[in-house]
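Below is one structure; the comments refer to it alone.
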Amino acid sequence: MKADLVIYNARVVGGAADGGPKKGAALAGLTIVGDGAVSVVGGRIAAVGPSAEILEQYAAENAIDAGGRVVGPGFVECHTHVVFAGDRLNEFELKIRGADYLEILKAGGGILSTVRQTRAASVDELVAESRRRLDKMLALGVTTAEVKTGYGLDTETELKMLRAIFALDAAHAVDLVPTFLPAHAVPPEFRENPDAYVDLICREMLPRALEEFRNSRLNSPIFVDVFCERGAFDLEQSRRVLETAKALGFGIKAHVDEFTNLGGARMAIGLGATSVDHLDAISDEEIALLAASGTVGVVTPTVNFNFGSKEFADARRLINAGCAVALSTDYNPGSAPCPSLPNAMAIACRYQKLLPAEAFNAATINAAHAVGLGAQIGSLDAGKRADILIFDTKDYREIAYEFGGNPVAATVKNGIMVNRS
Ligand code: NIG
Ligand code: FE
């Protein structure tokens, strides 16, 4: 048979043929093919197996000798806010001097400072600024990324952000999954009447976003998310947004328990959320609900690292309780200015006590499930998109062991080499 590409003489890591996300003890399971190979036909993985077999079966247009190095699926970044304008450098200094994230937001800074800068930017400016961030993520092995709106907080700017996401998806090798997040903060115009803003979201913004998505050429799921937190949206407001979104046909996600437990995890899991994200303050009861559900729990240890905190979401406890845990950087200008998923893995291993294999699965197959794409990406299995990384190591544990660098030697996206260091 003919193949467009065969990568051989590799330690092929990360098959996940069994379907769902890896829960509990299964998260530590990695399939490794010693002297392995991957063949690619038409942008999809055709076969994975021993090098000798694959090389005999396939006549490759392009054959790459991996030199015994690790070959795995592209990383899936399941929670980002990479479309924004400007920076939050002054806030960085304020936080070093002791200021608190939610206090800064209350005083009109934080997310609201990025909202002012984003409202003033054009779609083209947003695309140009965000493209640089996607370039960094791609260089660090991300081949699919979820991207949220949430720095507009008015109908036109939220839709402008969506358009920027669609334009970036079309222009960039990284595939994007859009998430509409008008309930990220209460905009200043509605400070005295947040319920009226929730009305606007439900009545106008969600239907308009859906229309915009349908008119786009984006072939991906679309989600609605909400920041359920003290000083942002309370439980009932969050529920209204997510229930309305669900009724309209959006997938749903929720920022819950980042600082305060408002019952958001229970509510979102009950609504069948695809993911609940952060989980620092989740209760034992909610952990049991999460474990019994089809919802993925996303942890973002880069946020805690960025806050200089010693406390992290108890991902070990989540895994031991049988939850499906995924890992993300939460790349954004305020709580986590970090493009590196390998760095998030490194932090998760040290502070959340994930094993390297668990961190690997959490950043690939489980992250794919956290964006509703578990059947298409996140593992090296026949039929999935040929999003493949060649790592600069012969032992996958080194991906999380070394930190602050780049473990990726080459990236194949949809069967095409897009990045080689
Ligand atoms: O996931 N918590 C809300 N949203 C982001 C932060 C966004 C920002 O600070 O700009 C988060 O931490
Ligand atoms: Fe976030």
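Annotations
- Rg in Å to one decimal, and Dmax rounded to a whole Å, for segment 358-401 via C-alpha atoms: 11.2, 31
- Fraction of antiparallel bridges per DSSP, the chain only, in percent to nearest 5: 40
- For the chain, built as a Gaussian network whose Cα springs stay under 10 Å, the top-fluctuating residue of 355, 327, 134: 355
- Orientation-averaged projected area, Cα convex hull of segment 279-345 (nm²): 4.5
- Whole-percent pair-distance distribution, where bins are 10 Å wide, for the alpha carbons of segment 141-213: 21, 47, 23, 8, 1
- P(r) tail fraction, the chain - alpha-carbon pairs more than 26 Å apart, %: 51
- The chain, relative contact order [Cα under 8 Å, separation at least 6], %: 21
- Across segment 45-156, Cα-Cα pairs more than 23 Å apart make up 53 percent of the total.
- Loop chymotrypsin sites (Phe, Trp or Tyr not before Pro), segment 346-421 (other Cβ atoms within 10 Å of the site Cβ: 16 or fewer; DSSP): 403
- Residue-normalised convex hull volume from the C-alpha trace of segment 201-339: 119 Å³ per residue.
- Theoretical gain in end-to-end length, residue 214 to residue 283 [0.36 nm per residue, Cα-Cα removed]: 21.1 nm
- All-pairs alpha carbon distance profile, segment 99-254, 5 Å steps from 0, percent: 2, 9, 19, 21, 20, 16, 9, 3, 0
- Here's how it looks for residue 177: its modeled amide H is under 5 Å from those of 145, 146, 147, which are all 5 or more places away or on a different chain.
- Its Cα gyration tensor gives segment 265-317 an equivalent ellipsoid. The semi-axes, each the square root of 5 times an eigenvalue, are 22, 11, 8 Å from largest down.
- Ratio of Rg to Rh over segment 107-172 (Cα coordinates, Kirkwood Rh, two decimals): 0.99
- Cα long-axis angle, helix 123-139 against the chain (0 to 90 degrees, to the nearest 10): 40
- 27 Å Cα-Cα threshold exceeded, pairs from 22/148; 95/246; 353/384; 2/413; 95/160; 2/23: 95/246; 353/384; 95/160; 2/23
- Remark: C-alpha extents of segment 301-421 on the principal axes read 41, 32, 30 Å, sorted largest to smallest.
- Cα Rg, Dmax (largest Cα-Cα span) when computed across segment 20-68, Å: 13.7, 41
- Residues in segment 272-376 average 29 Å² of solvent-accessible surface per residue, probe 1.4 Å, ligands and nucleic acids excluded.
- The chain - mean residue ellipticity at 222 nm from DSSP helices (-39,500 (n - 2.57) per run, n ≥ 4, rounded to 500): -10000 deg cm²/dmol
- Of the residues 415, 338, 373, the one whose Cα sits farthest towards the positive end of the charge dipole of segment 266-421 is 415 (charges of +1 on Lys and Arg Cβ, -1 on Asp and Glu Cβ, taken about the Cα centre).
- Simple spin-label estimate for residue 353 and residue 136 in nanometres, 7 Å along Cα-Cβ: 3.2
- Simple point charges give the picture: +1 on the Cβ of Lys and Arg, -1 on the Cβ of Asp and Glu, and for segment 263-421 a dipole about the Cα centre of about 320 debye.
- With Cα atoms as the point set, the radius of gyration and Dmax of segment 183-224 evaluate to 12.7, 39 Å.
- Share of carbon and sulfur in the accessible area of the chain stands at 50%, probe radius 1.4 Å.
- Evaluated at q = 0.14, 0.18, 0.25, 0.29 Å⁻¹, a Debye calculation over the C-alpha positions of segment 379-421 (equal weights, vacuum) places log10 I(q)/I(0) at -0.37, -0.58, -0.90, -1.00.
The values are calculated or read from the model by the stated rules, or taken from the named source; none is laboratory data. The structure presented is a predicted model; accordingly, all values stated were derived computationally and were not measured. When we count neighbours, we look across all protein chains shown, and the Cβ atoms used for this are built from the backbone with ideal geometry, even at glycine. Heavy atoms of the whole protein, side chains included, go into the accessibility calculation; ligands, DNA and RNA do not. Shrake-Rupley method; radii C 1.70, N 1.55, O 1.52, S 1.80 Å.
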